[in-house]
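Below: the structure, in structure tokens.
The values are calculated or read from the model by the stated rules, or taken from the named source; none is laboratory data. All values reported here derive from a predicted model rather than from experimental measurement. All Cβ positions, glycine included, derive from the backbone under ideal geometry; neighbour counts span all protein chains shown.
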Ligand code: NAD
Ligand code: ZN
């Protein structure tokens, strides 16, 4: 397969404490404003670094309730009606959910379209408002990726576009100090799984494999004792870069079904799915289980009594929407290798 041309992330500041330098990344335009959307869980850090001023507008985002929905972006745009012409930069500070909200605001405003109209492949035609990503929990790789993922009540899908990529990011490993252990592992496992899906996929190439292999090495070191957040902070970014230059795989295709139908959050949903994918990812699943057991993470058994047919049907439909991940996992003839019944059988193991 020809290597697809993808934008790479242009600007990055790295290091513990580097959140202090966020405003250095804002393009210089003295008459305009910066909007910071941040996860409410990191309110203390954010309000100690930035204050609401004439030039800075702070918006808290509650990511605890659910993954981002398309309507939430429209609500914020409406609520803050009037400020948008003066906004020159949007900063997202939080996990994948909050960073995706920042990306969604940027792309939706610049294109004059709702998120629902932008979900899919390469739909936006205009670059978004200048955007800066600052992860506060590590693994999603949203800081590096060219997608912003939203639910709309029927499906979960990304705005996959060069314009969904941040213009600058800050990787500050100190920001995840307050994340509870279980959540740290779920999100870190997202990174581990990105790397496995990239390496084992048919889109793999020398650039993607270099990043994924190093990220897996850092994940292994990180999972040994969970002491060094620098390892997972950089692994998350490298895993994201690997995916930018390849694609996720079958675990993500199936996990979106769990998120859309049961509201299970991305990190945990991926763990539940990966746990039953030995036929596809072999030894990587054994390593995954050893880590999960070491930290006494109980993965729930979702369907001990089977699955309602309409629920199963909707999960399978969501999975089949994920054409590129499935093609990456199984090749261009993936439809001959993974039919509806086989997808149902995998869900029934969970
Ligand atoms: P998240 O953003 O959903 O946050 C998970 C939890 O961690 C939340 O309760 C949040 O409040 C809390 N949290 C975050 N930072 C914290 C901190 N420093 N201290 C204490 N608590 C903190 O989690 P995530 O796993 O990073 O992201 C998952 C979301 O990202 C999903 O919506 C998923 O679809 C999306 N995603 C996007 C991409 C992409 O490339 N755009 C990639 C993977 C996942
Ligand atoms: Zn993921």
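Please state which one of 4, 11, 21 is farther than 20 Å from residue 106 by Cβ and touching a strand residue (DSSP E or B) at 6+ places or on another chain (Cβ under 6 Å).
Every option except 21 fails the conditions.
For residue 222, the conditions (1) within 18 Å of the chain's Cα centre (by Cα); (2) buried (at least 22 other Cβ atoms within 10 Å of the Cβ) are fulfilled apart from (1).
Selection of first residues in the stretch 8-21 that are on the phi > 0 side of the Ramachandran plot and at pLDDT 95 or above and of second residues that are surrounded by 12 or more Cβ atoms within 10 Å (Cβ to Cβ) and part of a loop (DSSP other than H, G, I, E, B), restricted to Cβ pairs under 9 Å at least 6 apart or on distinct chains, gives the following pairs, ordered by first then second residue: 15/172; 17/172.
One line per residue, one yes/no per condition, for (1) within 14 Å of ligand 2 (Cβ to nearest atom); (2) more than 17 Å from residue 274 (Cβ to Cβ):
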site	(1), (2)
175	no, yes
179	no, yes
182	no, no
187	yes, no
193	yes, no
209	no, yes
213	no, yes
230	no, yes
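Answer yes or no: is there a residue in the stretch 126-141 that is surrounded by fewer than 24 Cβ atoms within 10 Å (Cβ to Cβ), away from ligand 1 (no atom under 13 Å from the Cβ) and in contact (Cβ under 8 Å) with a residue 40 or more places away in the chain. There is at least one residue in the stretch 126-141 that is surrounded by fewer than 24 Cβ atoms within 10 Å (Cβ to Cβ), away from ligand 1 (no atom under 13 Å from the Cβ) and in contact (Cβ under 8 Å) with a residue 40 or more places away in the chain. With the condition kept exactly as written, say whether any residue in the stretch 334-346 is in contact (Cβ under 8 Å) with a residue 60 or more places away in the chain, closer than 16 Å to residue 274 by Cβ and part of a helix (DSSP H, G or I). Within the stretch 334-346, one or more residues are in contact (Cβ under 8 Å) with a residue 60 or more places away in the chain, closer than 16 Å to residue 274 by Cβ and part of a helix (DSSP H, G or I).
Kindly establish whether residue 97 is assigned to a helix (DSSP H, G or I) and away from ligand 1 (no atom under 13 Å from the Cβ). Give the steps one after another, and end with the answer.
On the way: assigned to a helix (DSSP H, G or I): yes; away from ligand 1 (no atom under 13 Å from the Cβ): no.
The answer is no for residue 97.
Residue check: residue 210 meets all listed conditions (1) more than 21 Å from residue 177 (Cα to Cα); (2) more than 13 Å from ligand 1 (Cβ to nearest atom); (3) surrounded by 21 or more Cβ atoms within 10 Å (Cβ to Cβ) but one, namely (3).
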